[in-house]
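Structure record follows, encoded as structure tokens.
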Amino acid sequence: MCGIVGFVGNKKAAPVLLEGLQRLEYRGYDSAGIAVIKNGSIEIKKTIERISALKEATDNGQTVDGEIGIGHTRWATHGAPCKRNAHPHMGFKSRFAVVHNGIIENYIELKDELVALGVNFKSETDTEVVAHLMELYYEGDVFNALAKTISRLKGSYSLGIICREHPETLYAVRHFSPLIVGVGVGNNYIASDVTALVSHTKNVLYLEDGEIAVITANKVDLFTADGEKKEREPSFVSWSIDAAEKGGYDHFMMKEIKEQPDVIAKTFEPRIKDGKVFFEGLNLTDEKLKSINKIIITACGSAYHTGVVAKYVFEELLRIPTEVDLASEFRYRNPIVDEHTLVIIISQSGETADTLAALREAKNRGAHILSIVNVVGSSIAKASDDVIYTWAGPEIAVATTKAYSAQLIVLYLFGLYAAERLGSASSDTITAILSEIKQLPEKVKKLFEMEESIKKIAKKHHRMGSVFFIGRNIDYGVAMEGSLKLKEISYINSEAYAAGELKHGTISLIEEGRMVIALSAYDSLQDKMMSNIKEVKSRGAFVLATATEGNKAIEKEADQVLYLPKTHPLLLASVEVIPLQMLSYYIALYNGCDIDKPRNLAKSVTVE
Ligand code: G6P
């Protein structure tokens, strides 16, 4: 959600900015722009189309001269998506240009104050106040003006700022919104995330909240807002540029679906040693773990859905009551959390605003915070007592696939790790599940053999008006994810229902030809699912079911069956989600949807 790039160096800035913005497109945006300084003035280019339009208009940036600049992809929060509201925004003396990610919560009060001083606002954004405050406080020293400006701001922001009177220096600030500095040789960069930088440098400084970076072509200095210098060595990013490119696939989503066997293996392999699960450097001591009497999992979107699956796994393996709550709800109730609560935070990006706020709420109440995160150095990772990384690599498609799968693996491993320490599951059970986890990469690969038949189903049914996903137990958890995947990328209305709940309302919506996807792979509840399938069939539904291999009985009831390789029932989600991801992909494809960048969605949701 909103992306920032910035560059200062010894080559043209615009091509670097446009390439960086294109790599940030996946975060979601509705307009974009760049600002570059040349010969003492700032040139701004904006678009309400894709970045490619800006590239075309500027011959890939070559027609815009200047070696320092900032760029932005905007996801509208304050003011409609239009050129006027697109960043960068200029101050009233056209001296400063500013890009911003986050929300300035007190912008109305600041705007009133500036308007009273005679400042004329050109946009409806909260960001514009920053550009004007910079002008107001500038007395020849940009750092001082910046320090004064940010002392007036409330909310979350990361900022990239250039000043036409100082064309050698780029300024950056981070305050509860992600921003990193890429350190090169004679060329330095800022960006919202690593994907925009890896083609240029792998040396990255993760800015901390409250830090200001003062960047020239050859130097990066970090300061607190009080002007105190901070020293920190850059971290090395191990992601390769291939990870941020399509590698022959038409869409990142399919590339990422196909990466899942590798991602699953990379996530569990280093954590299993001598038949046991092992996490390096966890602060959660055995004593602390034994004192835990409740687990709360909180997250948003698909990450929340992995939590729904984990509830079944944890309660089975640990016998500790486990609640799953949407982060946006958790933060606004009065949750019962104390030092005996383990709060597990799940987030691919590590930046989701509601999830981060839920984390802080739980921390204030004394819980131990364990987060499961994909992005190293992200806000959630930094704020947690313990972090387990998913190591899924950069996920570019807005609809998550491989990060979901990696999160599941970490959750299984943590369940087994804790069960061993608590003695809540037998060593035979732990060994059996671990051995099944090791087979998951091969089983997922085998599921890709289904792709052609899934494509045919998608082709035939892609105009389905609306869909119901039903399931019980873990099948229900997967139903939620399957339903979300379908609706987010194909815009087809779908709903996930606990199969037993169907007759308490939803069944009235079943009519001739209605598609029902009946997830029936949780073998011990299959008889119950068969009854639910009969209920919808007898009212005219078309039923596409899942079942474990060899289970032929289901063919008597369902119209079509997708067979899944057998695995331990607690690991079912890892195989069952794969055909549903492929099905959503092909349905969206046949409907001509923008699969990697669905309308209105953002990859990283950094506002409430
Ligand atoms: C957005 C994305 C979803 C994601 C959710 C949570 O809505 O489109 O794919 O599941 O945010 O994101 P997180 O980065 O916290 O996992």
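The values are calculated or read from the model by the stated rules, or taken from the named source; none is laboratory data. For clarity, every value in this text was computed on a predicted model and none was experimentally measured. Note that each Cβ is placed from the backbone with ideal geometry, even for glycine, and that neighbours are counted across all protein chains shown. What goes into the accessible areas is simple: the full protein's heavy atoms, side chains included, and nothing from ligands, DNA or RNA. Shrake-Rupley method; radii C 1.70, N 1.55, O 1.52, S 1.80 Å.
A few notes on this one:
- Only residues that are under 18 Å from Pro569 (Cβ atoms) and open to solvent by 50 Å² or more (accessible area, probe 1.4 Å) were counted in segment 447-469, giving 0.
- Any hit, segment 367-378, residues being under 22 Å from Glu208 (Cβ atoms), open to solvent by 10 Å² or more (accessible area, probe 1.4 Å) and away from the ligand (no atom under 13 Å from the Cβ): yes
- The residues of segment 391-426 that are polar (S, T, N, Q) and part of a helix (DSSP H, G or I), listed by number, are Ser405, Gln407.
- Search result, residues across segment 511-522 that are within 29 Å of Asn600 (Cβ to Cβ) and either in contact with a helix residue (DSSP H, G or I) (Cβ under 7 Å, 6 or more places away or on another chain) or modelled with pLDDT of 95 or more (or both): Met515, Val516, Ile517, Leu519
- Here Gly33, Gly20 are screened, and the one residue that is open to solvent by less than 10 Å² (accessible area, probe 1.4 Å), assigned to a helix (DSSP H, G or I) and not polar (S, T, N, Q) is Gly20.
- Looking only at segment 480-500, residues that are away from the ligand (no atom under 16 Å from the Cβ), out of contact with any Lys or Arg (no Cβ under 7 Å at 6 or more places or on another chain) and under 24 Å from His251 (Cβ atoms) come to 1 in all.
- Residues of segment 325-342 that turn out to be within 15 Å of the ligand (Cβ to nearest atom), modelled with pLDDT of 95 or more and open to solvent by less than 10 Å² (accessible area, probe 1.4 Å), as a count: 1
- Test for Lys459: is it without any contact (Cβ under 8 Å) to a residue 12 or more places away in the chain and in the same structural domain as Pro569 (by TED's automatic domain parsing): no
- When restricted to residues that are assigned to a helix (DSSP H, G or I) and at pLDDT 95 or above, segment 461-478 contains 5.
- Candidates Ala303, Ala299 - the one that is without any contact (Cβ under 8 Å) to a residue 60 or more places away in the chain, under 17 Å from the mean Cα position of the chain (by Cα) and under 23 Å from Glu351 (Cα atoms): Ala299
- Tally of residues being touching a strand residue (DSSP E or B) at 6+ places or on another chain (Cβ under 9 Å) and either outside the structural domain of Asn293 (by TED's automatic domain parsing) or free of Cβ contacts under 8 Å to residues at least 60 places away in the same chain (or both) across segment 362-371: 5
- Residue within segment 79-94 that is among the small types (Gly, Ala, Ser) and more than 26 Å from the chain's Cα centre (by Cα) present: yes
- Tally, over segment 586-608, of residues that are within 16 Å of the ligand (Cβ to nearest atom) and over 30 Å from Pro178 (Cα atoms): 1
- Number of the condition not met by Ala53 [criteria: (1) without any contact (Cβ under 8 Å) to a residue 24 or more places away in the chain; (2) surrounded by 16 or more Cβ atoms within 10 Å (Cβ to Cβ)]: (2)
- Condition check for Phe278: assigned by TED's automatic domain parsing to the domain that holds Gly350 and buried (at least 17 other Cβ atoms within 10 Å of the Cβ): no
- For Thr352, the stated conditions hold: it is open to solvent by 10 Å² or more (accessible area, probe 1.4 Å) and closer than 30 Å to Tyr585 by Cα.
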